[in-house]
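A.B. asks: Below you will find the structure I want to go over with you.
The values are calculated or read from the model by the stated rules, or taken from the named source; none is laboratory data. Computed from a predicted model, the values in this text were never measured in an experiment. Backbone-built Cβ (ideal geometry, glycine too); neighbour counts: all protein chains shown.
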Amino acid sequence: MLLREGRRGAGETSRAVLLVAVALAIAGAAAALLGVRAVAPPLVAGMASLVAVGLLCARHLMPAVAVAVFGTGLGCAALITVLGVTSGFERELVGRLSKVGGHVTLTEYGLDFDEYPQVVARWGPDPRVLAASPFAFSTAAVVPLKKDGGADRPDGAGPEGHVREDMSSETHVRPIDRNAPVIALIKGVDPALAAGLPGTAGMLRAGDLTKVRPGDVRHGPAIALGSRLAERLGVDVGDSVRLVVPAELDGTAAAMMRPPRHGEYEVVDLLDTGVGEYDASLALVHLSAAQALFFAERRVSGVEFALRDPDSASAFAREVVAAMGDGFRATTWEQQGEDVLAGLRQIRAAVSLVLGLLEVVAATALLASLLLLVRRKREEIAALMSLGADSRAIFAVFEAVGVFAGLLGTLIGVGLGLAFGAMVAVFRYPLDPEVYPVDHLPFALSWIDLAGPAAAALIICALASGPVALVASRLPLLAGLGRA
């Protein structure tokens, strides 16, 4: 009942267009797979595949049914693609948040977290934990050094980089120098322990976390700068920078007179986290070097844990705090990225709702096509009823027709959605890191993202077919026979 009547006579033109569309789709997909970085190949492949599917529906199905099936498939494909992209964003954010802060971060109230070896020894062997790594964290001014060891400083600065008080700020206003000091976040890690954190070593371009060494009698300490931070400073691997941190204030008058602490570090690698904000403000040093510079004693800012199951972070955090006591606080990756993830999930829900309306519109087209089918098949319906078919059988026939049309559209949508998602994943469309938290358009599809739109399309088509099937089942027998 859904097939187009007399399709053999329709033509050669549509067949030629269909072949051209299929060829363009294959060529565009092949170009994307071969690494062509232009936008045109995936765009051509996507548009050509839509044209090919539309022509197939038009050639083999009744016009009204073809519109309904194609609309259902288009809505399902769009929803699958969008859900895959938003899931990809969420996965990338979770992975990159865990690179910098782990899945759970344990800190201690106050400034005396010196029992971190016991914490690592207790929780590191836990089967739920991939790695436990202590860290020291502070804000510092990063000053690029010249090859002769002097700092690149603005005119009027003294030998230690302090601006002389006799220089008037009103007469020496200058644009920001590319080699001017930059305020950055400095994180000290133990390379042996931090290497177990997923993706931490991968942040370094060379991939070797052991390059971030402490200082000794042969060479000074090393530092790995964020790629954009290094660009702002005008330095590269092999250059040196000076870190300057303010003295700690303990409330005494003597603390106000303490000079800031500073140290020189050799740039041994650059960081590429994939998050523009981190690349512009983060640097890694060895834990012992950070302890000496930040605290002048062996204590840390906290301990970060990488878990085998990130979704269990909240339960693990509660367990750790309960075991360690009230003086400790544990935060999860969900709390660290709460605002970003909440906004992303709201966008995901809103876009899913809007694109889901495409399936509703396609269902209205299916409703209209089934009503037309009932009108055209009144004689056949009446004949079946005269042969003993009851209203439930007629209802089941037309309901099955609607469900089959929905199933056909769903299969088309799932196929197109997977194809579009594969092109997005392979092409890795670049994004501006100044605007987006990741540097490319990610794609990650779970079975829920695939089954949800498919189930929604089937349910909507089944519900839309119900009223039409009810009308067909209540068609007066004599009216149908009289028309015959």
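A.B. asks: Mind listing whichever residues of region 326-376 are among the small types (Gly, Ala, Ser) and in contact (Cβ under 8 Å) with a residue 60 or more places away in the chain? Give the derivation first.
C.D. replies: Just the residues of region 326-376 that are among the small types (Gly, Ala, Ser), to begin with: 327, 330, 337, 342-343, 349-350, 352, 356, 362-363, 365, 368-369.
Within region 326-376, Gly327, Ala330, Gly337, Ser352, Gly356, Ala362, Ala363, Ala365, Ala368, Ser369 qualify.
A.B. asks: Okay, next question. So Asp309 clears everything in (1) surrounded by fewer than 16 Cβ atoms within 10 Å (Cβ to Cβ); (2) free of Cβ contacts under 8 Å to residues at least 40 places away in the same chain except one condition, right? Which one?
C.D. replies: (2)
A.B. asks: For Gln336, work out the one condition from (1) crowded, with 17+ Cβ neighbours inside 10 Å; (2) under 30 Å from Val51 (Cβ atoms); (3) of a type outside the set (D, E, K, R) it doesn't fulfil.
C.D. replies: Among (1) crowded, with 17+ Cβ neighbours inside 10 Å; (2) under 30 Å from Val51 (Cβ atoms); (3) of a type outside the set (D, E, K, R), the lone unmet condition for Gln336 is (2).
A.B. asks: State all residues of region 100-137 that are polar (S, T, N, Q) and more than 19 Å from Pro198 (Cα to Cα); if no residue qualifies, say none.
C.D. replies: Residues satisfying the conditions are Thr107, Gln118.
A.B. asks: Here's something else I'd like to know. Could you list, in sequence order, all residues of region 262-281 that are in contact with a Ser or Thr (Cβ under 7 Å, 6 or more places away or on another chain) and either assigned to a loop (DSSP other than H, G, I, E, B) or closer than 25 Å to Tyr116 by Cα (or both)?
C.D. replies: Matches in region 262-281: Asp272 only.
A.B. asks: Can you name the condition, by its number, that Leu341 falls short on among (1) modelled with pLDDT of 80 or more; (2) surrounded by fewer than 22 Cβ atoms within 10 Å (Cβ to Cβ); (3) not in a strand (DSSP E or B)?
C.D. replies: Exception for Leu341: condition (1).
A.B. asks: What are the pairs, 6+ residues apart or on separate chains, where a residue within region 203-222 that is outside the structural domain of Glu92 (by TED's automatic domain parsing) has its Cβ under 7 Å from a residue that is part of a loop (DSSP other than H, G, I, E, B) and acidic (Asp, Glu)?
C.D. replies: Cβ pairs passing all conditions: Met203/Asp272; Arg205/Asp272.
A.B. asks: Can Val300 be described as in a loop (DSSP other than H, G, I, E, B) and either over 26 Å from Val438 (Cβ atoms) or not assigned by TED's automatic domain parsing to the domain that holds Arg205 (or both)?
C.D. replies: The answer is yes for Val300.
A.B. asks: Here is a list: Ala349, Ala400. Which entry is part of a helix (DSSP H, G or I), in the same structural domain as Arg37 (by TED's automatic domain parsing) and touching a helix residue (DSSP H, G or I) at 6+ places or on another chain (Cβ under 9 Å)?
C.D. replies: Sole residue among the options that is part of a helix (DSSP H, G or I), in the same structural domain as Arg37 (by TED's automatic domain parsing) and touching a helix residue (DSSP H, G or I) at 6+ places or on another chain (Cβ under 9 Å): Ala400.
A.B. asks: Can you pull out every residue in region 372-413 that is closer than 23 Å to Phe70 by Cα and in contact with a Pro (Cβ under 9 Å, 6 or more places away or on another chain)?
C.D. replies: Thr410, Gly413
A.B. asks: I'd like to check something: does region 102-117 contain any residue that is within 24 Å of Asp272 (Cβ to Cβ) and outside any strand (DSSP E or B)?
C.D. replies: yes
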